[in-house]
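This report refers to the structure that appears directly beneath it.
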Amino acid sequence: MPHVLERLDDVDWARITHAYGPATDVPDQIRDLCAADPDRREKARWQLHGNIYHQGTRYEATAYAVPFLLEVLADPDGADKGELVLLLAAIAVGYDESWLPDGLPIAERRRTAEIGGMVLAAAPHPGDDEWDEDEGDAAYVEALSDREQEAMLAHVAVSAHEAVRQGLPLLRALLGHDEPGVRAVAAYTLGWFPEDADASLPALAALASDVDDALAATARVSMGLLGVTTEFDDPRPLVRWATAIAQTRVFGIEAGQEAIDELRYWVREAGRDERVPFLDGDLVGYATLVLDRMSLS
């Protein structure tokens, strides 16, 4: 078990909350990610998906948990790296369908979140006299204006994104992992951090023609989200799909007829490949989103 997990108890989990109240169960769940028993690890991931990332929502406890999740991921002897990366990606962006095909507007989200930290700090927390054991901070939140509620939620989400951002060097290192699936989810995650494009793009470009077509496709889509695209230089169908996605992301309607025709082909033919993490592998859905955005469907 990584030594840093000994610091789990330095966090006052009883004072911060997740989807079900005080986050006192999070330390043991994170420790269980290092268990020898695969069923125990799977249960811990399922529980974390439910409490610090519940149906796309992030919570105050989420950003506190991320450094420890990154330490588990960094353990060279650790298991389930692909699943952990996907959890971190979900924490960073929520449901990716909310942001595709444009990518995550993190600068805009930061502006929305500007007052959110103050709003959250003023909320009642477990142990405060104002804290309701049954309702939590519901009364406080309901009394906020729409702008204040939006800012608080944005602050929590941006804090989670920033926490995952600290692990980008590790994610870039995982692009060299011996399992294509781990490399693919790492490549997928890097596409959600446009502010770090300069550091991520060379590593992604090195995978854009990988022998694993799903990995090459994922790398190309992430490159497109970061503002760079490639040519139609690979005949594999999945890679052509990704090239069209990336070209239309970068150039829009100016991408050219080949890219548009490629996406129209996928919409007609229907297809799914769950090795590609975007939209859970819904290739048709992604192509449709792009064409709809350009009013070409």
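Here, each number is a calculation from the coordinates, and none is a lab measurement. Owing to the predicted nature of the structure, the values given are computational and were not obtained by experimental measurement. All Cβ positions, glycine included, derive from the backbone under ideal geometry; neighbour counts span all protein chains shown.
So the values come out like this:
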| quantity | calculated |
| --- | --- |
| Label-point gap, in nm, between Glu133 and Thr24 - each point 7 angstrom along Cα→Cβ | 1.1 |
| Residue-span extension gain [Asp233 to Gln55] - 0.36 nm each, minus C-alpha spacing | 60.2 nm |
| Percentage relative contact order, the chain, counting C-alpha pairs under 8 Å, at least six apart | 14 |
| In nm, spacing of pseudo-spin labels at Met118 and Tyr95 (7 Å Cα→C-beta vector) | 3.3 |
| Rel. contact order, % - alpha carbon contacts under 8 angstrom, at least six apart, region 199-297 | 21 |
| Those GluC sites (Glu not before Pro) in region 204-284 that DSSP places in a loop and that have at most 13 other beta carbons within 10 Å | Glu231, Glu274 |
| Scattering curve values for region 1-166, log₁₀ I(q)/I(0), Debye with Cα scatterers, q = 0.10, 0.16 Å⁻¹ | -0.38, -0.95 |
| Within the chain, helix-based [θ] at 222 nm, where runs of 4 or more DSSP H residues each add -39,500 (n - 2.57), nearest 500 | -17000 deg cm²/dmol |
| Loop-resident sites, region 41-110, for chymotrypsin sites (Phe, Trp or Tyr not before Pro), counting at most 13 other Cβ within 10 Å (DSSP) | Tyr95 |
| Cβ crowding within 10 Å averaged over residues, with 75-84, 190-199 ranked highest first | 190-199, 75-84 |
| Gaussian network model of the chain, Cα within-10 Å springs - most flexible of Met118, Met223, Met152 | Met118 |
| Fully extended contour minus Cα-Cα distance, from Asp261 to Arg165, at 0.36 nm per residue | 31.0 nm |
| Distance between region 272-297 and region 33-110 - C-alpha centres, whole angstrom | 23 |
| Extension gain (nm, one decimal) between Arg275 and Ala173, 0.36 nm per residue minus Cα-Cα | 34.7 nm |
| With 5 Å bins from 0: P(r) over the chain, alpha-carbon pairs, percent | 1, 6, 12, 15, 17, 14, 13, 10, 7, 4, 2, 0, 0 |
| Label-point gap, in nm, between Arg111 and Trp46 - each point 7 angstrom along Cα→Cβ | 4.3 |
